[in-house]
Structure formats: C-alpha cells, structure tokens
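A quick write-up on the structure given underneath.
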Amino acid sequence: MSLLLLAALFAAPPADADAWPRHTIDASSRGADGVRLADVDGDGRLDVVTGWEEGGTVRVAFGPPLEQVRQPWPSVAVGRVGSPEDAVAVDLDGDGRLEVLSCSEGRTRRLSVHHAAGDPRDADSWTTTPLGDSDGRQQYMFALPWPEEQGGGVIVAGKGPGAAIEWWRPGADPADWAAWRATPLRPLGWAMSLRAEDMDGDGDPDLLLTDRRGNRRGAVWLEFDPASAGWEEHPIGAADLEPMFLTVADLDGDGDRDVAVAAKDAGLVLFGRLNATGDRWRSRTLALPDTAGGGKGVAAARTAGGLEVFVSCEHSGGKCSILRFHFDPGSDVWTAAPTVDCPAGVTGTKFDRLELLDLDADGDLDLLACEERENLGVIWYERPGPAAGDSH
C-alpha cells in the first residue's frame, strides 16, 4: 500500500475516543521498557516482567484473578539497577523457580540476576547479583532464555562499540552467579529482537534476530551445529533498512511460519517463507502514514477474522501510537490493500514490544504494551465488540 493511500486513511489524527479501552497494569515507576511474560509466582497466571529504564527499577506485575484484570495489578520491584533496557524471567539455576535477568545499557553495562529466596510477591525476598564477568562488557539490550536441550543458559545481545551476541552458561554450580561465562557468537551494531524459532524445520530451535545498525544489519537467523558448536548465519532481509522488533506468524495462511518486522525508516515489512529450510523469502513493505509515529514493536495473529498485524510507534506525540493492519480472510497478503486503524489513539509517545493475548477471557485477543515517555507504564488495550473471528 502506498504512503498516499495510507495518508488518505488518516486525513486527521484519530481521536482517543475511538481507541480501544486502555487499562493500567503498573505505572509506579518511569520509563517502562518492555513486556515479557512468565508465571513468576507459580499460580498459573501469566505475569509481566519489565525494566523501567528511567526509574532504574525492575518490576514484576502479577496476573490477578480474572475479575480484577482491569484494575492495576499487584506488583513489586525485584531490584534496582542502572538503565535497565530489558528484563526476563528464567530459571537460571534449574531449581524450578524463576529468577529475573535484567540487561543494563548506558553507563551500567551489566547483566544482573534478581533472585527471590522466599515469596516472589514480597519485595524483601529479592536480592540482586551481577552475572559472571558481565560488568562493563557491553551495553546490554535483550536477553533470551535458551532451551536446555540445546545447551541452556541465556543468549544476550547489546548495542554500540564492542556489541555482540553472547551465549551465557553456568559453571559446575548454576546457582554460583559469579561463575557464569559467555561465548561470543556474532558482532552486531544494535540488537532488537532475539527469538528461539525452528527456522529450517529440523525440529530444534534456531536463533532469529534483528540487528538495526552497522554493516551486518537486517533480519537474520543463526543455525547451531552441535557437532562443531558453531553457528551458521542465514539472511532474511531488511539489510538496507533499520529493522526494529520482529514477530513470527503465518502471514499468508499457507501453514508455515513467516516473519514480520517493524522498520524505523520504512514501516512494516512482511517476509514470506518460500521454502522449508528458511533460505528463500519474499517481502512486502507497508509504509506508515505521517499521522503515525515511527515503527518500533510488532505483533501478528491469524484468526478466523483474517490476519492482523499491530505496529507500535515511537516519536508519536499527538499521532497514532499503535497501528493495526487487517487483511480479510482469503485476501492475498502480498497484493491486497489492508484496512488500517489506530486502536490505541494518540495518547503516548514511545511504545515498545507488543503481545497479543486474551487478558479478559472473552475469546478474542487483546493488546499488551508499555509506554515510557508519558509514563503510561505497562498497559493493555481491551478489544471491543465480538470475538476476533467475527469482528470484521
């Protein structure tokens, strides 16, 4: 779809009155920078782990009973660190309980383990310890728990001079945080997404990522060879763009896993898989209108109602802050013009990762997000009307 056509759809900024209802999960600090999901307290409900960059805290918001999901969620600060850019829950020591690993950029440049000795809902039970010799190695941006059957540990990545993808694994005692060490996998300019996905259909996970800066930028995936312990790189695309976050979904309804990328300088880029081994791709770029911010996060889902792709924005003050592209069932995602709307209205300036999940248990997908400039914090948008399969 051309920029002209998209601009026509947004002749004026959409009114917040037309937006989906917004509910606050946690707005207790400053600079909410990411939403990562896990059941931290083991009650069967998903919790949200977030690093608050300007506030310098790492927080967990605990999923409440269904009847309280529209109210602020119970939450605790699990630690204080400088410039937390990302935080994720992961069982690092294999004891069946989740720790939280935070990634600090700026001057801090450290991986930190936040460990609860008792009730994870009790802030006093949490302690913070640096991971291994991470202090000062690079500006850490994102962490991915790596499957135990593929070597375990976590894969992390950073930005700026000396940035690299690193594979962190424990020593003889996984709970000895000081003994963890890293194996560098690939230099990069500025990491955005890291995902474990089976990209070649061989039954084991590969490392899917976006690198937004430098001479190796783009969307790529790395294939691990257990025999040699090496990683082979496979390009997908966007090497001439500034790719931000990515997601994986069946974009064209053919049953396989495709890739959608939000690009800061281009909008939304769809990559369709052309072979099972993940070495051939087709692409389509959908520009964002001037009445929206620049692309940052992305989430996609195919339901009976067709394909939806959501793009969150930064630099969106007074503009559309999250866009929704919708393709009707049976339409060709590579040629058809999607309908476009603005489910989050114009409130908020800098959004980040998105997640689609049914938070109110009404049978359709709601939108989980965070905003870090106007301190909306960790929020979710409730899809109005009937279930997703009947909503178009």
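Within the range 325-367, the only residue that satisfies the criterion of being without any contact (Cβ under 8 Å) to a residue 40 or more places away in the chain, open to solvent by 30 Å² or more (accessible area, probe 1.4 Å) and under 30 Å from Asp86 (Cβ atoms) is Asp358.
If you check Gly295 against the conditions, is it part of a strand (DSSP E or B), crowded, with 21+ Cβ neighbours inside 10 Å, modelled with pLDDT of 95 or more and small (Gly, Ala, Ser)? Before you say what the answer is, go through the steps one by one.
Details: part of a strand (DSSP E or B): yes; crowded, with 21+ Cβ neighbours inside 10 Å: yes; modelled with pLDDT of 95 or more: yes; small (Gly, Ala, Ser): yes.
So Gly295 fits the description; yes.
Close Cβ contacts (under 9 Å, 6 or more residues apart or on different chains) running from residues in the range 274-298 that are closer than 18 Å to Glu233 by Cβ to residues that are among the aliphatic types (A, V, I, L, M) and assigned to a loop (DSSP other than H, G, I, E, B) comprise Thr277/Met199; Gly278/Met199; Arg280/Leu274; Trp281/Leu274.
Any chance the range 249-257 includes a residue that's more than 21 Å from Val333 (Cβ to Cβ) and at pLDDT below 95?
So in the range 249-257, the residues more than 21 Å from Val333 (Cβ to Cβ) come out as none.
Scanning the range 249-257 turns up no residue that is more than 21 Å from Val333 (Cβ to Cβ) and at pLDDT below 95.
Residues in the range 269-292 that are surrounded by 22 or more Cβ atoms within 10 Å (Cβ to Cβ) and closer than 24 Å to Pro205 by Cβ: Val269, Leu270, Arg273, Gly278. Note on the range 26-44: among residues that are part of a strand (DSSP E or B) and under 22 Å from Asp124 (Cβ atoms), the one that is farthest from the chain's Cα centre (by Cα) is Asp26.
Within the range 130-189, being part of a loop (DSSP other than H, G, I, E, B), more than 21 Å from Glu223 (Cα to Cα) and of a type in the set (Gly, Ala, Ser) holds for Gly132, Ser134, Gly136, Gly160, Gly162, Gly171, Ala172, Ala175. Entry remark, the range 231-258: residues being closer than 18 Å to Asp352 by Cα and either of a type outside the set (Phe, Trp, Tyr) or free of Cβ contacts under 8 Å to residues at least 60 places away in the same chain (or both) number 6 in total. Looking across the range 45-55, the residues that are of a type outside the set (A, V, I, L, M, F, W, C) and either surrounded by 16 or more Cβ atoms within 10 Å (Cβ to Cβ) or in a helix (DSSP H, G or I) (or both) come down to Asp47, Thr50, Gly51, Glu53, Gly55.
Among the residues of the range 56-81, how many are basic (Lys, Arg) and open to solvent by 40 Å² or more (accessible area, probe 1.4 Å)? Even if it seems obvious, please write down each step before you answer.
The initial filter retains those residues of the range 56-81 that are basic (Lys, Arg), namely 59, 70, 80.
If we keep only those that are open to solvent by 40 Å² or more (accessible area, probe 1.4 Å) too, we end up with 70, 80.
So the count comes out to 2.
For the criterion of being over 14 Å from Val333 (Cβ atoms) and either touching an Asp or Glu at 6+ places or on another chain (Cβ under 7 Å) or open to solvent by 60 Å² or more (accessible area, probe 1.4 Å) (or both), Leu241 passes. The set of residues from the range 144-173 being touching a Leu at 6+ places or on another chain (Cβ under 9 Å) and open to solvent by 40 Å² or more (accessible area, probe 1.4 Å) comprises Pro145, Pro170. Condition first: assigned to a loop (DSSP other than H, G, I, E, B), in contact with a helix residue (DSSP H, G or I) (Cβ under 6 Å, 6 or more places away or on another chain) and open to solvent by 10 Å² or more (accessible area, probe 1.4 Å). Can you find one or more residues in the range 307-324 that meet it? Taking every residue of the range 307-324 in turn, none turns out to be assigned to a loop (DSSP other than H, G, I, E, B), in contact with a helix residue (DSSP H, G or I) (Cβ under 6 Å, 6 or more places away or on another chain) and open to solvent by 10 Å² or more (accessible area, probe 1.4 Å). All of (1) open to solvent by 50 Å² or more (accessible area, probe 1.4 Å); (2) at pLDDT below 95 hold for Gly42 with one exception: (2). Counting the residues of the range 105-125 that are under 17 Å from Ala163 (Cβ atoms), touching a residue at least 40 places away in the same chain (Cβ under 8 Å) and either part of a strand (DSSP E or B) or outside the structural domain of Pro147 (by the TED database) (or both) gives 1.
The values are calculated or read from the model by the stated rules, or taken from the named source; none is laboratory data. No experiment lies behind these values; they were computed from the predicted model shown. Here Cβ is always computed from backbone atoms with ideal geometry, including for glycine, and neighbour counts include all displayed protein chains. To get the accessible areas, we keep the full protein, side chains included, count just its heavy atoms, and leave off ligands, DNA and RNA. Shrake-Rupley method; radii C 1.70, N 1.55, O 1.52, S 1.80 Å.
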